[in-house]
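The values are calculated or read from the model by the stated rules, or taken from the named source; none is laboratory data. Please read these numbers as outputs of a predicted model, since none were measured by experiment. Glycine gets a Cβ as well: all are built from the backbone with ideal geometry, and neighbour counts include every protein chain shown.
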Amino acid sequence: MIQLRVCRDQDRFSREVDFFILQQGEGASGAVVVVELQRLAKLMQTFDPIASRDFIRLVAERLTSSTRTVERVVVRRREQSLCARLGVAEFAVFAPGLSQADAARFAQHLTAALNQPFEWRGHKLTLGAFCGVAMAPRDGRDADTVVRHARMALGAAQNTPARMKLYTQSLDREAVARITLEREMRGALERNEFRAYFQPKINLATGKIEACEALARWIRPDRTIISPGRFIPVAEESGLISPLSDAILREACWKAASWARAGLPTKVAVNVSALQFKTERFAENVLRVVQHAGLAPNNLELEITESMVMEDPDRALRVIQPLREAGVRLAIDDFGCGHSSLAALSKLPFDVIKIDQQFVRQLERGDGQAAAIIEMILALARTLDMEVVAEGVERKQEVEFMAARGCEWVQGFLYGAAVPAAEFAEMLRRQAGEDVTAEDAA
Ligand code: C2E
Ligand code: MG
Ligand code: MG
């Protein structure tokens, strides 16, 4: 019978892996799988010490029993695996005698097993497991290196639907590129190189630009412009997202206040990052910026993604309440991409739903299902007394589709991409002077 061994400390785990690497020649191969259970640490904070210990025991039992099942059923091997707890929510399994292909299958099944809900005192809890895998000795001549590389793969796994990733040398190169980017971003923040660009939003009732979305751009000294797709993930990981988002919020509020003073009042929407939304004083900070800028609060709209709200709807409600009371508008961004609970949604006082642009793209391809989803979102918004913005509108037919179904706002390249503040102000002035219709503006 296969016996699974569990050790409590990282040193013993490392010694075993080191021993394996020394004992076996080049031909041998074993896998180190590092597992992270994303929601575990937060959950433990809500438990008393005894409950914490019992729950960790339950998790460890699931890890060992799943490892045993996968060994027996999937990879059919006889060597003994070793499990260890490396951190609060981090575990590792060393499985000697596996080829890389078997290691991938092993980790895939382990990830799936650990993502099954845990039964705990009448509740079903899902912990959100991710796995990173590195091979010994191929990915390191000592345990520390192999574990470091498995952790690197774990970081990359968080961006994959499979929730599992094998280490490759290109991950090493990506990690170096990320560190370099992070260092450059710190300097860029000090030099004020992150600026808000503004994308027009058209009110379909009037056909005019009556609002805009502030989108971050990194303007390098050589005038090259970097889009958020590249720097937001690094900013989120490094914590730089907070000063960056604050800078964009400040710039957006000051610019919108100056347009209002010039007789061109325009609502401005600002994206909120997950990290920002989690800070204690989020609402307080936003309201201070609005007040300093002299902006009417109802000219500011905060775009919060569906996943940020649904992670903890009760907390979301507490956070947004003071903003609501002050008159700030609230929008759910990228709606349709996450998993919204309709019950939670109906309790949250949002003003606006933004239909994610993927549905508009699908509509373009004649996808009947996308049309049905858009119609459903519009009906839902009507019931909940919310306005709808369709994002990523690139063709006239899409505007007609939206307008015919009562969508209030559109935004997309058909009307223009995000432009610097001065250029956007010029658009507003032209519109006011010439009473340009949205069609002409396109
Ligand atoms: P988002 O908030 O959903 O913004 C819409 C994105 O769609 C923008 O990309 C915009 O340029 C792009 N877009 C607009 N119209 C069209 C169109 O007609 N066709 C296509 N294909 N794309 C269109 P961008 O500026 O690259 O921003 C990407 C994401 O980065 C944003 O998605 C937002 O989640 C995030 N982001 C941007 N600025 C900030 C910021 O200041 N703070 C935070 N936290 N996130 C930001
Ligand atoms: Mg947005
Ligand atoms: Mg969006």
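The figures follow:
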| quantity | calculated |
| --- | --- |
| Qualifying residue in the range 378-390 (condition: farther than 19 Å from E303 by Cα, touching a helix residue (DSSP H, G or I) at 6+ places or on another chain (Cβ under 7 Å) and assigned by TED's automatic domain parsing to the domain that holds E303) | no |
| Candidate set from the range 387-400 (those that are part of a helix (DSSP H, G or I) and under 30 Å from the mean Cα position of the chain (by Cα)); member that is nearest to ligand 1 (Cβ to nearest atom) | E398 |
| Residue check for F424: in contact with a strand residue (DSSP E or B) (Cβ under 7 Å, 6 or more places away or on another chain), under 30 Å from I219 (Cβ atoms) and at pLDDT 95 or above | yes |
| Contacts under 7 angstrom Cβ, first residue in the range 239-258 being under 11 Å from A214 (Cβ atoms), partner of a type in the set (V, I, T) and in a helix (DSSP H, G or I), 6 or more apart | L249/V286; L249/V289; R250/V289; C253/V289; C253/V290 |
| Some residue of the range 179-201 being part of a helix (DSSP H, G or I) and of a type in the set (S, T, N, Q) | yes |
| Number of positions in the range 344-359 that are within 12 Å of ligand 1 (Cβ to nearest atom), buried (at least 16 other Cβ atoms within 10 Å of the Cβ) and of a type outside the set (D, E, K, R) | 2 |
| Residue in the range 132-150 that is at pLDDT 95 or above, over 27 Å from P243 (Cα atoms) and under 21 Å from the mean Cα position of the chain (by Cα) present | yes |
| Residue among E375, E306 that is within 14 Å of ligand 3 (Cβ to nearest atom), among the acidic types (D, E) and at negative phi | E306 |
| Total residues in the range 401-420, condition touching a Cys at 6+ places or on another chain (Cβ under 9 Å) and part of a loop (DSSP other than H, G, I, E, B) | 2 |
| Cβ-Cβ under 6 Å pairs, at least 6 apart or on other chains, the range 130-143 side in the same structural domain as L154 (by TED's automatic domain parsing), far side among the charged types (D, E, K, R) and part of a strand (DSSP E or B) | F130/E36; G132/K165 |
| Some residue of the range 180-199 being at pLDDT 95 or above, over 26 Å from N285 (Cα atoms), within 16 Å of ligand 1 (Cβ to nearest atom) and not basic (K, R) | no |
| Selection count where residues are surrounded by 14 or more Cβ atoms within 10 Å (Cβ to Cβ) and either among the aliphatic types (A, V, I, L, M) or touching a Gly at 6+ places or on another chain (Cβ under 6 Å) (or both), scope the range 360-377 | 7 |
| Residue match in the range 120-129 (condition: closer than 22 Å to A31 by Cα, within 21 Å of the chain's Cα centre (by Cα) and assigned to a helix (DSSP H, G or I)) | no |
| Qualifying positions in the range 234-256 - more than 9 Å from ligand 1 (Cβ to nearest atom) and surrounded by fewer than 20 Cβ atoms within 10 Å (Cβ to Cβ) | V234, E237, S238, G239, S242, P243, D246, R250, W254 |
| Residue match in the range 242-259 (condition: among the β-branched types (V, I, T) and not in a loop (DSSP other than H, G, I, E, B)) | yes |
| Tabulated pairs, the range 343-365, first modelled with pLDDT of 90 or more, second assigned to a helix (DSSP H, G or I) and within 13 Å of ligand 1 (Cβ to nearest atom), C-beta under 8 angstrom, 6+ apart or interchain | V360/E398 |
| Every pair of residues 6+ apart whose Cβ atoms lie under 9 Å, when the first sits in the range 101-128 and is not assigned by TED's automatic domain parsing to the domain that holds V74 while the second is modelled with pLDDT of 90 or more | none |
| Filter pass, R186 being basic (K, R), out of contact with any helix residue (DSSP H, G or I) (no Cβ under 8 Å at 6 or more places or on another chain) and without any contact (Cβ under 8 Å) to a residue 24 or more places away in the chain | no |
| Residues (small (G, A, S) and within 16 Å of ligand 2 (Cβ to nearest atom)) located in the range 199-220 | A211, A214, A216 |
| Members of the range 278-308 found to be in a helix (DSSP H, G or I), within 25 Å of G229 (Cα to Cα) and more than 12 Å from the chain's Cα centre (by Cα), listed by number | K278, F282, V286 |
| Residue that is farthest from ligand 2 (Cβ to nearest atom) [pool: residues in the range 314-370 that are under 19 Å from A211 (Cα atoms), charged (D, E, K, R) and not in a strand (DSSP E or B)] | R324 |
| Conditions (1) farther than 26 Å from V319 by Cα; (2) within 16 Å of ligand 3 (Cβ to nearest atom); (3) touching a Lys or Arg at 6+ places or on another chain (Cβ under 9 Å); number of the one not met by E364 | (2) |
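Conditions (1) of a type in the set (A, V, I, L, M, F, W, C); (2) surrounded by fewer than 23 Cβ atoms within 10 Å (Cβ to Cβ), marked per residue:
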site: R138; (1), (2): no, yes
site: M152; (1), (2): yes, yes
site: Q158; (1), (2): no, yes
site: Y167; (1), (2): no, no
site: R173; (1), (2): no, yes
site: G187; (1), (2): no, yes
site: L204; (1), (2): yes, yes
site: R217; (1), (2): no, yes
